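Q: Here you go, one structure.
Just so it is clear, none of the values below were taken in a lab; they were calculated from the coordinates. As the structure is a computational prediction, the values presented were derived from the model and not from experiment. No Cβ is skipped: glycine too gets one built from the backbone with ideal geometry, and neighbour counts run over all protein chains shown.
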Amino acid sequence: MKRVVLCMLIAVTCSPLIFSDEDDTPPEENQVHRIYPKNVPGDQFIRIKLMPFFPLNFSKQLHVGGAIQLGYHRFLLSWLAVGGNVTFTYNPTIGSRVFYTIPMTASVTFQPTAWRFEFPLSLNIGMAFEAYQSFKYFPGLVLGAEAGMYFRLNENWSFGLGTTFLYLPQWYKEEPRSGYGTYDYGLFMTAEIGARYHF
């Protein structure tokens, strides 16, 4: 009888070890890792871009300048993001002066992906502050379109190249002689290198 009781105690004691789950991997390691690039609604990123700033229709008055852009964007869908950008640009003139513009735009971005490559295509609209010597113009309308290709290095960082086209119209007050207002516009294009921090 003692032997039977002893065998039952041993069986009860060892049963948790026999029937325990063989997978002792911590829960964190069992989680499915995200395959990049993979964006979900609510994902956000901050972007910085550096670029030369090419005048397309004032090449006889303006030299090639430079620009830096800061932007914030949030994904509404895995392929659709909205956000805003602020760009600081300058172009030297033939008279050794400088023409400055500060476009501030709202942006809608469509972004297809392939493996770790992301291809953002954006439309921008907003206003710009423009200054040349004592002349200042605000608010000026700004329309833009941009395209790029980024490589998703890891969960937090992507790096890439792109280009942006900007249209900056200007309207002036009526001239006393003609009774009509005047209109002018600037066309600019960039070649960009950018970095994005995703969170």
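Q: Grab the beta carbon distance between I48 and A147, set R0 = 25 Å, and tell me the FRET efficiency rounded to 0.05.
A: Between I48 and A147 the formula returns 0.90.
Q: While we're here: Please identify every one of the chymotrypsin sites (Phe, Trp or Tyr not before Pro) in the stretch 77-107 that sits in a loop by DSSP and has no more than 15 other beta carbons within 10 Å of its own beta carbon.
A: In loop regions of the stretch 77-107 (DSSP not H, G, I, E or B), the sparsely surrounded chymotrypsin sites (Phe, Trp or Tyr not before Pro) are W79.
Q: Separate question: Could I have the simple spin-label model distance between V86 and L187, label points 7 Å from Cα toward Cβ, reported in nm to one decimal?
A: 3.0
Q: Counting other Cβ atoms within 10 Å, which trypsin sites (Lys or Arg not before Pro) in the stretch 42-143 have at most 14 and lie in a DSSP loop?
A: Counting only loop positions with at most 14 other Cβ atoms within 10 Å, the trypsin sites (Lys or Arg not before Pro) in the stretch 42-143 are K60, R97.
Q: Using a basic spin-label model with each label point 7 Å from the Cα along Cα→Cβ, how many nm lie between V98 and V64?
A: 1.9
Q: Enter the mean projected area of the convex hull around the alpha-carbon atoms of the stretch 100-144, in nm², rounded to one decimal.
A: The Cα convex hull of the stretch 100-144, projected and averaged over all directions, gives 3.7 nm².
Q: Please find the FRET efficiency linking N57 to N154, where r is the Cβ-Cβ separation and R0 is fixed at 45 Å, and quote it to the nearest 0.05.
A: 0.60
Q: Determine, from the Cβ-Cβ distance of W171 and Y197 and an R0 of 30 Å, the FRET efficiency 1/(1 + (r/R0)^6), rounded to the nearest 0.05.
A: Step by step, r from the Cβ atoms, then E = 0.20.
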